Each structure stands twice: as C-alpha cells, then as structure tokens.
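Here's the structure we're looking at; comments come further down.
Every number here is computed from the coordinates shown, using simple stated rules; none is lab data. What you see is a predicted model; the values in this text were computed from it and never measured. With ideal geometry, Cβ positions are generated from the backbone for all residues, glycine too; neighbour counts draw on all protein chains shown.
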C-alpha cells in the first residue's frame, strides 16, 4: 500500500493523503483583494485530489505585502473578497484549506516577478518597508525602517486579527510564514537582526517576536484547528540561521502548541549558496521530525511520485509539499495515484476520464 496515499492527522484535522499543495504567490490581487484569477487558480487545485491546500502568502497589513499585487486579509473588504472566492469552489471540493499568514518585512514593495522583481521605488507606487533592523536585503536598496516597540505590537495584533478573519472564513488551519527571508525569518537570523534590545542578540531574543506572534495567533484561532509554521532551516550563508537554531526554534514552537512545521530553506540573503537537487531540503525535515516529534512537511524539488513516496515511507517527512510541479500539472495527485497503485478523490463529473487499463483510480 502506498504510504503517500495513506491517511494522516494534523491534530484534529484528518487528511486523506500526504500530498500538500504549498503556498505559491500569484501576484494577482487588487489592493489585497482576491478576485477571478484566484477563483480559477484555486478551483483547479481544489480538484487535484491533494490532501491539503495551503493558500499563498497572505499579508496581515498593507505594507506587509511582498508586492502591490499580493493577497491580503487585513480588512472587511479583503475578507469579503476572499470569502467569495472560497464560496465559488467550496461546494465542489471538500479539500482541507489552510492559509499562510505573513509579513514581508524588508522584502516588501517589490515588483512582480514577470516585471523583473527587485525593490519598487516610492515614485513607482512603492512604500517604506519595515524590518527588525535598518539593513536592506540587497546592497543597492534603501534601508528599511527598524521597527520600534509600538510597531511590533501593531504587527503582532495584525496577525491575530487576520487569524480571526481566517477562522470566520472557515479555514481548517493556519501556517505562519517564518521562512524565505520575510519578517519573522528576519527576526530569527543574525544576518538581518542586529537589534540591541530584548528582540535581538541571543538566539532566545531573536526567537522572541516570532514566538509572540505564534502565541497571539494561537489565542485568536480556534483551538481545535491546527496552527503550524513554515521555516527556512538554513540561510545557506556562513554565520546565518542554521539547522541547529531551527531545531531549538522547533522545540520552542512545539512547547507553545505548534501542530506542524513546514521545512524549507534560504531566501534571506543574496549571498546564499544552495546545493540544489531532488529532495535537497528533506535532510533538514527528517532531523527536525526525528528530534522534535512535530508533524513535518517536506518540500523542495520533489517532482516524481516515487520520490514523494520514498520521502514519506523512509521517514524524511510526514507529508510532502508540491509547488511548481503542481502548477505544471494540477492533476499530479491523480497521476501519482495511477503510478503508485492508489486511489484519489475526484469530482464525479470527471470519473469517466479514467484511462483504460486502470481500475478504481477515483474514490466514489
């Protein structure tokens, strides 16, 4: 029996298989509001047969967006827009939905990727980014504004407010974005956090704000619904955030009531040196899983069903997340089930498409 297609529980949330759709920015919102692109995009993915769908990084404040076209959940207007998108496909798919909440920090005010990325100037419609310290992401960028205590409190409260909105929208889980060089990751890494107060310096101090945000969101989101965190296990830069620090952060998260950890890497510094390869981040996930006992999502260049199966069966991760592979093939779980001799959920309107020679591919 395929382990990839076995059932799994994150807290009280039951998943029909171990395939997770990773959050992927679409840069298609209008003033933070979801629209027709999200309806089309998420509708495709909701019919994929995956066990869990995590929506893209969703900003908790306007200045916390990566780009001006990022999704947000900071107002009644953005909440209503996202609710309308969910309502358009929810009657046709019971796939569990999670929302990734984040703040871009010093990586905010960027151009969308197909316009070249990079910092967008104020004259182009950009805005002043905020960060733990006045250190830019790239040398040619203006420095962000270092957050004071009032700014920290405002952002912490904004995470909690967005969590309450997510609960009203019916999301089954929340994932906090503490990876890829965004604000919570910036507090964790000594490369981006040079503060001299209680939020900088020692590992304990650098973890303080991310753990405060976690606690605020946990208090705001229903206790029976899982709350997890996505981390970058390493900056891939000497002297930066690394696996040993990630392990301690994971232990602190588990003690605070974290339900799962999604293990990625990199994104904090242009100086990163990443050794790419199939499943290159799985060793980080495997060690965090083994030493902390947290439910662990592995991700990173896992494109073939057999590799995903091996990751779960071999204990590298409890679940496997797909990103670009499932954009390229939104029916990846169907094809994986066919190759691994498993079955998968599909809408009855599509049952007749099962290829000849296959048997019982779709769950009734």
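Going from the residue with the fewest nearby Cβ atoms within 10 Å to the one with the most, 351, 241, 334 rank 351, 334, 241. Taking one quarter of the surface of the C-alpha convex hull of the chain gives a mean projected area of 17.3 nm². What FRET efficiency comes out for the pair residue 351/residue 224, r = Cβ-Cβ distance, R0 = 41 Å, nearest 0.05? Plugging the Cβ-Cβ distance into 1/(1 + (r/R0)^6) gives 0.80. Placing pseudo-labels 7 Å out from each Cα toward the beta carbon at residue 157 and residue 88 gives an inter-label distance of 3.4 nm. Each of 207, 1 was scored by other Cβ atoms within 10 Å of its Cβ. Listed from fewest to most, they are 1, 207. Computed across the stretch 187-327, the Kirkwood hydrodynamic radius from all distinct Cα-Cα pairs reaches 15.8 Å. Of all DSSP-defined beta bridges confined to the chain, some 10% are antiparallel rather than parallel. Sorted on the mean count of surrounding Cβ atoms within 10 Å across their residues, most packed first, peptides 124-133, 319-328 read 319-328, 124-133. Between the stretch 125-163 and the stretch 309-358, the C-alpha centres lie 39 angstrom from each other. Against the chain, whose longest principal axis is taken from its Cα atoms, helix 282-292 shows a tilt of about 80°. Roughly what angle does helix 76-89 make with the longest principal axis of the chain, taking Cα atoms, 0 to 90 degrees, to the nearest 10? In the chain, helix 76-89 runs at an angle near 20 degrees to the longest axis. The residues 258, 25, when put in order of fewest to most other Cβ atoms within 10 Å, stand as 25, 258. Centroid-to-centroid, using Cα positions, the stretch 62-87 and the stretch 274-295 are 32 Å apart.
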